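Please read the structure below before turning to the comments.
Nothing in this text is a laboratory measurement; each read-out follows from the coordinates by a stated rule. These figures come from a predicted structure and were not determined experimentally. Cβ coordinates were reconstructed from backbone atoms using ideal geometry, including for glycine residues, and neighbour counts include every protein chain displayed.
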Amino acid sequence: MSAVADIYSQLLEQNTLVFTIDTDDIGVHRVFQKVHPKGQNIRYPMLSDLTHEVGIAYSAYDPVTGQDMRVTVIIDPSGNIRNYAVYDAGTGRSTVELLRVLSALQYQDETNKMTPANWQPGQKGLTPSLKNFPV
């Protein structure tokens with residue numbers, strides 16, 4: 001959560017709504033924001049899923065541990081899931097990759113071009129055609 005707080009202004013610049021959802025209650029969120037060195041930097045909503053409804057809906061909930069795995073979901077303005085990444089609860093995520101994927105999706109929407117592997121903002125995309133797909 002604090003890593004996303006570090007890039008929050010960049011996410012806002014890309015017209016992105018940011019929030020977290022986990023199985024902790026609001027009190028735990030408040031304590032986290034007070035005691036974690038970067039907790040005070042979190043300026044986006046931290047939501048609680050005490051019933052596990054959201055975690056189950058996104059296949060993130062682990063009934064053995066009673067916790068959600070780490071999941072990043074990018075949903076476009078039309079409500080379509082465009083990116084869904086699941087990580088084991090002990091595995092951290094890359095904010096660099098999050099920004100890259102978000103930029104790639106927005107680039108695709110703006111240009112109708114595809115982005116190849118390892119594409120970076122500022123690079124050219126590919127024009128969709130059958131020759132881009134090996135048979």
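General observations
- Computed about its Cα centre, the charge dipole of the chain is approximately 540 debye, with only Lys, Arg, Asp and Glu carrying charge at their Cβ.
- Put in line by how crowded their Cβ is, counting other Cβ atoms within 10 Å and starting with the fewest, L50, L98, L12, L105 read L50, L12, L105, L98.
- Net length available on complete extension from V31 to E53 is 5.6 nm, with 0.36 nm assigned per residue and the Cα-Cα distance removed.
- Pairwise Cα inverse-distance average, inverted: Kirkwood Rh of the stretch 27-105 (Å): 14.5
- Neighbours of H29 by Cβ distance under 15 Å: Lys/Arg scored +1, Asp/Glu scored -1, total -1.
- Furthest towards positive pole of dipole, V73, L105, V4, structure part the chain, Cβ charges: L105
- Averaging the Cα positions of each part gives two centres, and for the stretch 46-102 and the stretch 5-45 these lie 14 Å apart.
- Rounded to the nearest 10 degrees, the angle from helix 26-35 to the longest Cα principal axis of the chain is 90 degrees.
- Interchain or long-range residues, amide H under 5 Å from T16's placed H: none
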